[in-house]
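Presented below is the structure to which this report refers.
Bear in mind these aren't lab numbers, they're just calculated from the coordinates by the rules spelled out. From a predicted model like this one, the values you see are computed outputs, not experimental measurements. Cβ atoms come from the backbone with ideal geometry, glycine included; neighbour counts cover every protein chain shown.
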Amino acid sequence: MKELIFYIIILTLLILMIPLYLTQGAVDIHLMDVMGEFARTNSESADWGAQIFWKVRLPRLVLSLVCGSGLALAGAFVQGIFRNPLVEPGLIGISSGAALFASFAIVVMEEWINQLFLLQIFSFLGALFTSILVYFLSRRSGKISVLTLLLMGIGINAGIGSLMGLMHYLASDSQLRAITFWGLGSLSGASWEVVLVIFPFVLLLYISIPILAKGLNAFLLGEKEAFHLGFNTERLKILVLLIVCLAIGAIVSVTGIIGFIGLVVPHIVRIWGRANHFFLLPASAILGGFLLLLSDFFARILVTPSELPIGILTAGIGAPLFIYILSRRIKEEG
Amino acid sequence: MIQASDISFQYGKRKILENINLNLSSGELITLLGRNGEGKSTLFKILTGEMRPDSGVVLLKKKEIHAMTGIELAQNRSVLPQESLINFPLRVFEVVEMGRSPYKKNKFEDKQHIYQSMQLTDITHLEYRFYSELSGGEKKRVQIARVLCQLQKDYDNDIIRKHSTKRNLEFNKGALFLDEPVNALDVLLQHKIMKILRHLADIGYSIFCILHDWNLAGLYSDRVLVLQNGKIHSDGTPKEVIRKDILEDVFGIQANIFQHSSARVGGYSESISL
């Protein structure tokens, strides 16, 4: 019952948000112009509006829903595996690896940066490279210890931090600005091609929901407990890491680093009182999509005709919320 | 139910277990005693299939446990580790429900099993409470309900009704392994938990638990095993094992042993005072 109410609230908000998102922005579009394409009024502005609608706004809407749900789902998966509500995919080095490779591309290969999705390919490789590195460093006799994985992630993140510093040092002023912007995230690269490239990776996460939810529920009791309940815990960990790395790698390569969605969304769902993954995972996906859409809406309209990097908004909303949740927890635990 | 033969295990050159043989029959409650660091936990992990012995085999229902699939193993033996920390908001019935994960989902049957396990461990009144809000004794009972729920088969209902008073050996109900189920609980709760386990053994479950309290072991178990230096020091009924000379040998302490006044029927309980 509680679950149903949650779905109804979020889906209603989402449906209300969509027309607002599509019409407002640097150029206001009247939905009538778009819909009325067949009975065209022949006015130039209507044609212009339709162009923006189909080629810019709509793919961007889809992209923010796909990325938001992907980020939130990845967060929920990782928190389940680590059995810790304060973990996000970035902790195992995925995002920082992507950031390092992306800045490398920006600094060293500036001339080719806009060709052939070079930046995107590099950051995707960076995400994969670091997560594979962290994974193999945490492996002992065929098993991965979740705690070691976390600690290795911290170590790798620190190492990458220093290399990032080097990139900053080597970068020219304009390159530095590009790196910073990339690190704050943006959905402005949206196009149908980009959506098509990312979607299969995020689809992996969607498909895994019914397959992995039962095992992740058992993981809530403990890794050992999950094993004794008959689950193949090693396979579960590897599968989760794999799909999360692929999805986050793909998302980050297009949008840059968008923080806090993966951390905060599953948290909000849990506050609703259900930790059961059969609810947590789909609910996180929907809420994540909605929150990123909302953030991107404000990112676009707050400083028109320019736009804010979306990371500023997600962290700006996410951080206070996170602190509030933490302090409430501390209060509860006395 | 469980047969372990010639179990040996070593870490590097240090021998942890040497040629352990033991048998756990249906409806039997065995307690494993011994000092810390004598290999109790290792033996426990080997018997539950968590670790492989260097040599020797463990049979569960006459089948080698490492040849079984995870699901098959989970349907026949359940394990309660020493401590269970849950960081997420789960309600009591959700925790108990996890015990159904090795089985195909069947809403009606599952509900019965969950309810029955909660009844046997006396936690039905806690059903909708959050696990994290419970006291230590309540948490333990919830966990026991969960591992119990994991062993319930669909034919159980009739059997429990018909044979709840006397022990019924021909029904292979599965084995429960518990690692120190009463640690950190007050005396009353310790007895409450042990009484639940005793009852479960009486209705046909095989129970293997690690304890540190010789009094409880004497009062509630059918057989007591004492482990020392990775070998079985003694194995027998409480009367045979809880003896002055054995306590002195294992712990190096002088103990007086008194017969307990409320020994259970057919029991052989001892009480130790130092």
Inter-chain Cβ neighbour average for residues A:223-236, partner chain, 10 Å: 6
Whole-number percent relative contact order across chain A, with pairs defined as alpha carbons under 8 Å at least 6 apart: 30
Check: the stretch B:2-233 dipole with +1 on Lys, Arg Cβ and -1 on Asp, Glu Cβ, in debye: 240
The protein assembly as shown - share of DSSP beta bridges that are antiparallel (%, nearest 5): 60
Nearest-ten-degree value, helix A:277-301 long axis tilted from longest Cα axis of chain A: 40
Rounded Å value of the spacing that divides the Cα centres of the stretch B:61-104 and the stretch A:220-276: 21
Sorted peptide list for B:225-234, B:99-108, A:224-233, criterion being average Cβ within 10 angstrom, highest first: A:224-233, B:225-234, B:99-108
Cα gyration tensor shape for the protein assembly as shown, rounded if a/c is under 1.5, else prolate or oblate: prolate
Among A:63, A:137, A:308: highest mean-square fluctuation, GNM of chain A, C-alpha pairs under 10 Å: A:137
Inter-chain Cβ neighbour average for residues B:47-53, partner chain, 10 Å: 1
Chain A - mean residue ellipticity at 222 nm from DSSP helices (-39,500 (n - 2.57) per run, n ≥ 4, rounded to 500): -25500 deg cm²/dmol
Inter-chain Cβ neighbour average for residues B:86-95, partner chain, 10 Å: 6
Axial C-alpha extent at least 24 Å, average Kyte-Doolittle at least -0.5 - helices from chain B (DSSP): none
36 Å tail of the calculated P(r), chain A, as % of Cα pairs: 22
Cut-off under 5 Å, modelled amide H: who pairs with residue B:185 long-range: none
Among A:323, A:248, A:198, residue whose mean-square fluctuation peaks in a GNM of chain A (springs only between Cα atoms under 10 Å): A:323
Assigned charges on the beta-carbon of Lys, Arg, Asp, Glu; chain A dipole about Cα centre (debye): 1220
Sequence-separation-based contact order of chain B, relative, with Cα cut under 8 Å and 6+ spacing, percent: 25
Debye intensity ratio I(q)/I(0), log10, chain B, q values 0.08, 0.10, 0.11 Å⁻¹ (C-alpha model): -0.32, -0.51, -0.62
Listed residues A:14, B:211, A:229: farthest to the positive end of the dipole of the protein assembly as shown (Cβ charges): B:211
5 angstrom amide H check on residue B:150, placed H, neighbours 5+ away: none
Debye, to nearest 20: dipole size of the protein assembly as shown, +1 on Lys, Arg Cβ, -1 on Asp, Glu Cβ: 1380
For the stretch B:1-15 and the stretch A:178-218, distance of Cα centres in Å: 48
Cα radius of gyration and Dmax for the stretch A:71-147 (Å): 14.9, 45
Low-density loop positions, trypsin sites (Lys or Arg not before Pro), the stretch A:94-164 - DSSP coil, at most 12 other Cβ in 10 Å: none
Farthest positive-ward along chain B dipole, Cα basis, beta-carbon charges - from B:236, B:33, B:199: B:199
